Each structure stands twice: as structure tokens, then as C-alpha cells.
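Everything on this sheet refers to the single structure shown next.
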Amino acid sequence: METMTRADLADIGRNLRPFDKNAEKAVLSRWDNIAKPIEGLGIYEKIVARIGGIRKTDSPVIDNRSLVLFFSDNGIAQSGVSQSDVEVTHKVAKATAAGRSTACLMAQKAGINIIPIDIGMKGDIVTGLVNHRISEGTESFLKSCAMSEEQVLKAIEVGYNIAMQLKKEGCDLVLLGEMGVANTTTSTAVACALLGKDPTQFTGHGSGLSEEALKHKAVTIRDGIEKHGFGSALSDPFEVLRSLGGYDIAAMVGVFLGSGCSGIPVVLDGVVSLAAALVTQKLFPGITDVMIASHRPREPIARLIMDELGLSAPMDADLALGEGTGAILLVPQIDICLELYRNGLSFDGLGMDSYRRYDS
């Protein structure tokens, strides 16, 4: 594909693979035959079934899994909405390239490959990151649109191409992560604009803000939404993304689309990936079929997004770390459940009658 256009984006949306409800039902039926109470593993049974529906099989595997980790900086950081400055993004990128970051250590233990991508950081290029830098950070959404249309499409294209390449490499499961100062600000701005919500009610502390700084962050988001003329849930999702978002959010939209076309489940992490999921769903209803939520993030707006998307998460652990760490934590839990799914004793094997499922 040459440089992506809006028409190309629409074409991609028409190539999304349908979710296989029969495969999902087959997985759930097999769960019911394992010697345990009906839905004894709760949402984990549904996650395995969802993977089966996405992959179109009643024997799902997640052996080949990759975390796509986007690094980018946001122009709105200059407005004092974060405790950190943009140097932090660069430092975490260097630690990731060296295999020493939080996400790296956790991913290594969980058997997850990390693909770290510079999609729009400031500063020197970091050796060890895949360089897809579009520019040195976005613009401040208080001054102009955060990105041009061309930049948004380029970021989406990067994410889409990564997902398609992972498909070629036999990837079974994609995880999403990000690192970028002020991206809880951009994510909350995007989500509030798309949901028609007041940011003064749904803005969180991010990496750790005082109450006074939190109020400033919320007002900054409100001012940005008003500046660009968004005031209802009917706002154009592409324009909301372009005006208020970041390269990380846009690139994740591309990953969702590529994974949706390839039939690869995508595990979400925190509020940034949820904002990207919301944008993608508003652009292409039904894309949520490819998504698996790992946890309920601490940011207040995250819960509204999950409700809007109809996503449930197995963990509600007050996480706010980012870098894909929540998604990483889910994978060993799925591994354990898949072991039981494949090798658990049946009721016949235990010589006992099976539990019956009753419709309520």
C-alpha cells in the first residue's frame, strides 16, 4: 500500500473478518464438559472462547505472542498536565531497548516478545527501537490540531502494517502498550469528546498529580474539546483523533484494523489503548469482536469506555503503570486456563454426572 488515504481506511474496514460464533459456542460447550462447576472460571472461560471465535477454532493457542509498544510524545505536555517531562519517554525507551524496563522484565517472564516502536518521540533516535517516527511529538491541542490528517493516516498505516506482518510471522496474540508523557490527557480528551462527557468529572491523576494539578489538567482538556468544537457523542471520530489525540492512539487504531483483518486477538492495556479502541469502534462498529480487555484501569474515563464497548475485564487491580504491563499480566492467566481447557479431566473421566446448565 502506498501512503494511506481516507478511502484506503474505509476499504480496510470492509475487509474485517467476521467473528465465528460457532467456534465460540464450541469452546464454551467444551468448558462445560470439564469437571468443574458451570462457568467456574468465570470470565476466563469467556476469554478462551473469545479467542476461539476470533481465530475460528475450538482449539485456540496463544504460543506466539507479541507486545507492540509505542513510544510517542504529546505537545499538550508543555501545558503542565503531567508530573513528568518528555525526557521520561526517552529514558524508558532506552531502558526498553536495553531489555531492562518494567515491561521487558515482565514480558520475559511471561514469554512475550516485545516490539518497541518510536512512532513520535522527541529527541535523538534510540538504537534498538523500530523507527517509524512521524515527527518529534504532536502539537499542543490548545494551539492547533494535534496532528494533520496525513500524520494520523501515517500512524494508522504503521500500526496496520505491523499487525499484518505479525500475521505473516504466525502471531497468535497481540498485546498493546505505550509510553508517552501526557497520554492520559490525550486519551481522556479523545474519550470525553466521543462520549460527550465533561472532563472535569472524568479526568484522572495520570502518573500522579496533586488535586490542584488535576483540576488544571481537567480544565485543559475541557478547553481543548471546546476549542475544536466537540461537544457531543456525535463528533466525527477521525477528527476527534486528529485534533486531540496522539500518534500512539492512532497507531493502535491501525493495529486493531490489521488484527481484525487477520483474525488475531488483541489484548488491551490501559486508558490509551481503550481510547484507541473507542475511536476504532466509532469508525468501524463491530471491531470490538477482536478485542480482549485485560483490566479496569485506574483512570475514571476508562470504565465509561469499557461500558461503551461492552468489554469486561478479569482484573480490577487499580493498575496505572502503562507500557502494556496490564496486558502482560493477563497472558499467564490465559496460559493456565488453556492448560485446563486442553487437559482437564472430564466428568466421565471422574466417573460422575456432569453439571447441567439452566437458563435463568
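When Ile305 is tested against (1) under 29 Å from Gln165 (Cβ atoms); (2) touching a Gly at 6+ places or on another chain (Cβ under 9 Å); (3) modelled with pLDDT of 95 or more, only condition (2) is not met. Of the candidates Val158, Val181, Val126, Val174, the single residue that is under 24 Å from Thr5 (Cβ atoms) and buried (at least 16 other Cβ atoms within 10 Å of the Cβ) is Val158. Please go through the stretch 19-36 and pick out each residue that is in a loop (DSSP other than H, G, I, E, B), touching a residue at least 60 places away in the same chain (Cβ under 8 Å) and touching a Lys or Arg at 6+ places or on another chain (Cβ under 9 Å). Hit for the stretch 19-36 is Phe19, nothing else.
Tell me whether the stretch 244-266 contains one or more residues that are touching a Lys or Arg at 6+ places or on another chain (Cβ under 6 Å), outside any helix (DSSP H, G or I), surrounded by fewer than 22 Cβ atoms within 10 Å (Cβ to Cβ) and touching a residue at least 60 places away in the same chain (Cβ under 8 Å). Checked the stretch 244-266: at least one residue is touching a Lys or Arg at 6+ places or on another chain (Cβ under 6 Å), outside any helix (DSSP H, G or I), surrounded by fewer than 22 Cβ atoms within 10 Å (Cβ to Cβ) and touching a residue at least 60 places away in the same chain (Cβ under 8 Å).
Within the stretch 203-235, the residues that satisfy the criterion of being assigned to a helix (DSSP H, G or I) and among the hydrophobic types (A, V, I, L, M, F, W, C) are Ala213, Leu214, Ala218, Val219, Ile221, Ile225. The set of residues in the stretch 304-323 being assigned to a helix (DSSP H, G or I) and over 29 Å from Gln108 (Cα atoms) consists of Leu304, Ile305, Asp307, Glu308, Leu309. Residues in the stretch 66-97 that are part of a loop (DSSP other than H, G, I, E, B) and in contact with an Asp or Glu (Cβ under 8 Å, 6 or more places away or on another chain): 2 in all.
The values are calculated or read from the model by the stated rules, or taken from the named source; none is laboratory data. This structure is a prediction, so every number in the text was calculated from the model and none was measured. Heads up, the Cβs are rebuilt from the backbone with ideal geometry, glycines too, and the neighbour counts pull from every protein chain shown.
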